[in-house]
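First the structure, in the form of structure tokens, and then the observations on it.
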Amino acid sequence: MPSATIDRIDYDEATQVLSIWFVATGRRYDYQGVPPELVERFCNAVSKGRFFNAFIRDAYPAQWMAWDGMTPTTGVPAELPPAEPTASNVIPFPAHKTRS
């Protein structure tokens, strides 16, 4: 079922890493240690955003994966996000810019 919050999800069962792309920002977050049974329930949830908030968001460690320059939906070059990637190409949750 389509989601207004979640654009795309990928799951690596071997490493139990759940990758989620969000509609509002296009950003990808990787959630570590998510069991396959939970991912199956997530995929079948009527509201993926509610399920994510209730069972994944604060329950599993996450990393924001540095911008690859492409939007997940269209695969075309997109505007860069406000945070700079680190040398490892993975940064923790991005810092928010304040307006002057």
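Here are a few things to note about the model shown:
- Residue that is nearest to the chain's Cα centre (by Cα), among those in the stretch 27-38 that are surrounded by 15 or more Cβ atoms within 10 Å (Cβ to Cβ) and in a loop (DSSP other than H, G, I, E, B): R27
Here's the yes/no breakdown for (1) under 21 Å from A4 (Cβ atoms); (2) out of contact with any Gly (no Cβ under 6 Å at 6 or more places or on another chain); (3) not small (G, A, S):
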site: T15; (1), (2), (3): no, yes, yes
site: L18; (1), (2), (3): yes, yes, yes
site: Y29; (1), (2), (3): yes, yes, yes
site: P36; (1), (2), (3): no, yes, yes
site: R50; (1), (2), (3): yes, yes, yes
site: A54; (1), (2), (3): yes, yes, no
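- Only one entry of R8, R41 meets the criterion of being basic (K, R), in a helix (DSSP H, G or I) and exposed (fewer than 15 other Cβ atoms within 10 Å of the Cβ), and that entry is R41.
- Qualifying position, being among the small types (G, A, S), surrounded by fewer than 16 Cβ atoms within 10 Å (Cβ to Cβ) and at pLDDT below 90, among A24, A83, A66, A54: A24
- Looking across the stretch 44-67, the residues that are assigned to a helix (DSSP H, G or I) and touching a Phe, Trp or Tyr at 6+ places or on another chain (Cβ under 8 Å) come down to K48, F51, F52, F55.
- I20 being without any contact (Cβ under 8 Å) to a residue 60 or more places away in the chain and touching a helix residue (DSSP H, G or I) at 6+ places or on another chain (Cβ under 6 Å): no
The values are calculated or read from the model by the stated rules, or taken from the named source; none is laboratory data. Worth saying up front: this structure is predicted, and the values here are computed from it rather than measured. Backbone-built Cβ (ideal geometry, glycine too); neighbour counts: all protein chains shown.
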